[in-house]
Amino acid sequence: MNRKERMEQQRQQERLEEVRDALRKRELLEPGISMPGMSRRTFMHKSLMFAGGVAGLSTANLWLPIINTFDMAFASENAEGGINNFRFAWISDTHLYPEDVNTRFVEKAKRAVDEINALDPPVDFVVMGGDLAQLGDPVELRLGKEIMDELEVDVYYIPGEHDWYLDMGETFVDLFGESPWTFDHKGVRFIGLDTISRAPDYWSVTNMSPEERMGHMAGLDNSVTGPWAGLGRSQRDWLESTLNDWDRDDPVVIFSHNPLYEYYPPWNFWVRDWRETLEILRPFNNVTDFHGHTHQVLYNEIDNIRLIGMLATAWPWPYAPEGVPPMTRPMTRVDPGDHFDGLGWDLMTFQDNRVEHEYMMWRRRDHIFANRPEDNAVTKNPSIKLQPRVADRMWTGRYRGTD
Amino acid sequence: MNKAKTERYRVRHLMGLGALAGAFTLAATLVFSGVVRDVIGPAYAHKEHHQEDELQIFEEIFMEYVILGDRLFHGDAELEEEMGVNLSDTGMACAMCHPFAKDTNPHEFPKFQEQMGEFSTLAGMTNWCIDNPNQGEEIDVDSEAMKALEAYQYWSHDGSVLNPGVH
Ligand SMILES: [Fe+2]
Ligand SMILES: [Fe+2]
């Protein structure tokens with residue numbers, strides 16, 4: 001074992017002790033007793049054991065709320081009767097090109113749809129979490145609708161940036177309706193947000209064509225588009241008024257394309273007004289945000305709010321250069337030779353006012369998460385330094401597949 | 001004397017640039033067949049101390065390749081055509097899985113590459129990705145396009161510690 005490995009091991013050991021201390025303080029763990037065994041159902045909580053770090057997030061105020069969830073999640077399994085027992089599913093980031101450009105993306109979107117249709121008992125509804133299309137092309141969006149229409153239950157849509165910036169949402173809204181929206185289902189308030197349509201105008205000054213505007217937006221690491229993810233004042237006001245009449249202890253589930261916290265702004269792995277947004281949600285005691293866009297396994301908690309990153313069907317993004325939120329148990333590195341690997345859809349189960357989430361990851365059902373640094377691509381090589389692009393601001397070309 | 005030397009670099013560099021623009025094929029033929037090298041002659045490296053503008057030209061040449069590499073890496077169909085390569089037939093670009101070139105890990109090569117089942121250089125792995133996820137056509141490891149792709153990936157990782165062979 002070399003020095004680096006010893007340091008890493010020591011760091012993980014210290015982190016584990018910290019967690020044990022936190023658990024003891026909450027009387028969830030007797031001194032001297034080791035952590036309970038792991039199952040898929042409890043993975044979120046065990047994620048506490050894994051080191052990572054995101055600049056600007058303090059671990060101190062993140063420890064205790066998760067213990068709460070831990071507690072409640074288990075309590076719910078023992079509770080008698082069900083207040084709201086049902087399931088729903090999520091598909092997002094299908095990034096469909098026209099079928100003649102890429103058949104794999106089509107194949108994978110269809111696989112998710114088929115698997116959800118095969119569930120027994122069926123889900124109550126499905127959420128499509130955005131980035132249905134790759135370049136906002138009406139051909140792609142209509143193909144997406146065709147595929148999603150095969151689902152045998154209701155589908156609710158929120159937009160992703162790839163759906164929007166060719167015609168500024170015209171086709172998307174035409175096919176799938178406006179966002180934000182809200183509905184109540186079996187005692188749960190569901191809210192779908194639009195986190196993508198309020199980009200600063202980066203196209204007028206340089207007279208970009210719609211294709212060029214979309215081309216820049218389609219590059220995750222493109223800096224021309226700036227901090228485009230956000231709710232905006234009017235939507236935050238709408239969110240606040242929507243929750244006005246809702247009991248503070250009743251469950252709220254929010255769907256957003258982008259995560260509602262600051263994970264990695266250069267790739268818009270955030271919404272720019274996340275502080276203000278979380279402030280609106282803070283009074284509520286049972287809030288979960290399910291988000292797309294990041295194409296990877298992510299878990300975070302901020303105060304009473306749980307924030308969970310969902311799988312893509314098209315391709316996985318790497319973890320951010322600065323690491324993952326401390327509560328995230330990182331996913332296993334994907335095999336680029338297998339175009340299903342690390343991808344899939346998500347299944348949520350509501351039971352007694354708690355929502356439980358499960359990654360329906362293709363090829364990896366039994367080893368979604370990775371313990372060894374060599375296997376998870378986060379702590380793998382601490383000597384990496386990365387710098388942003390150089391050609392994005394001089395590039396006026398078009399992405400492949402646009403012509 | 002130094003002026004002349006600087007001028008020589010500039011000419012060589014302009015030849016390089018010309019090759020990358022429109023008349024790519026013709027210029028490339030000249031360069032690779034050694035005609036240009038024979039006419040201009042090899043650089044007399046390190047016989048004299050460098051002038052500021054010479055160093056600047058070296059840097060400019062490097063950044064030219066980085067920028068070309070950045071564009072290829074992010075999927076620029078026009079540039080691919082200009083350079084005579086086809087890096088993808090699926091609409092996938094390298095940067096779709098590797099924003100900021102993350103997880104390309106150029107500082108870890110050469111190493112045993114599991115997918116390939118063999119010991120590989122960065123260029124070898126780049127070609128594997130062009131061939132497999134992208135379903136494009138592999139490129140010559142000594143080609144201008146590969147030099148550019150390597151330049152971009154290395155530049156993105158500037159300051160990383162060399163860690164060859166690590167999985
Ligand atoms: Fe996406
Ligand atoms: Fe997105």
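The values are calculated or read from the model by the stated rules, or taken from the named source; none is laboratory data. Just so it is clear, the model here is predicted, and its values are computed rather than measured. Cβ coordinates were reconstructed from backbone atoms using ideal geometry, including for glycine residues, and neighbour counts include every protein chain displayed. For accessibility, only protein heavy atoms count, side chains too; no ligands or nucleic acids. Shrake-Rupley method; radii C 1.70, N 1.55, O 1.52, S 1.80 Å.
Can you give the mean number of other chain Cβ atoms that lie within 10 Å of the Cβ atoms in peptide A:315-321? Can you show the working numbers first?
Details: counts 4, 3, 6, 8, 2, 3, 4.
Per residue, the number of nearby Cβ atoms from other chains is 4 on average.
Apply the Karplus curve 6.51 cos²θ - 1.76 cosθ + 1.60, θ = phi - 60°, to the phi angles in segment A:120-131 and return the couplings in whole Hz, x for Gly and Pro. Those phi angles translate into 9, x, x, 6, 6, 6, 10, 10, 9, x, x, 6 Hz.
For the set B:Lys47, A:Lys385, B:Lys111, A:Lys145, the ranking by accessible area, highest first and with no ligand, DNA or RNA atoms included, is B:Lys47, A:Lys385, A:Lys145, B:Lys111 under a 1.4 Å probe.
Put simply, chains A and B cover up around 3700 Å² of each other's accessible surface, both sides summed, when a 1.4 Å probe is used. Legend: mean number of C-beta atoms from other chains within 10 angstrom of residue C-beta atoms, peptide A:92-98, equals 1. Modelled spin-label separation between A:Trp181 and A:Glu115, with each label point placed 7 Å from Cα along the Cα-to-Cβ direction: 2.5 nm. Computed packing ranks the peptides B:123-130, A:357-364 as B:123-130, A:357-364, most packed first, by mean other Cβ atoms within 10 Å. Model label sites at A:Asp174 and B:Leu162, defined 7 Å from Cα along the beta-carbon direction, differ in position by 5.8 nm.
Using a 10 Å cut-off on Cβ atoms, rank the peptides A:386-392, B:48-54 from the highest mean neighbour count down.
Values: A:386-392: 18.3, B:48-54: 11.9.
Answer by packing, highest mean first, reads A:386-392, B:48-54.
Here the ratio of the Cα radius of gyration of segment B:47-167 to 2.2 N^0.38 Å is 1.12.
Partner shielding of B:63-69 amounts to 2, given as the average count of beta-carbon atoms from other chains within 10 Å of each residue beta-carbon.
Hey, with R₀ at 56 Å, roughly what FRET efficiency would A:Gln387 and A:Arg248 work out to, going by the Cβ-Cβ distance, to 0.05? All intermediate terms of the calculation are to be shown ahead of the outcome.
On the way: r = 45 Å, r/R0 = 0.81.
It comes to 0.80.
Roll a 1.4 angstrom probe over the protein heavy atoms and tell me the percent of accessible area of segment B:52-156 that is carbon or sulfur. Here carbon and sulfur together make up 50 percent of the probe-accessible area. Would you be so kind as to identify which of A:Ile384, A:Gly323, A:Leu132 lies farthest towards the positive end of the dipole of segment A:86-394, taking Lys and Arg as +1 and Asp and Glu as -1 on Cβ and the Cα centre as origin? Positive-end residue among those listed: A:Ile384.
With a cut-off of 11 Å between beta carbons, the residues surrounding A:Val106 carry a summed charge of -1, where Lys and Arg count +1 and Asp and Glu -1.
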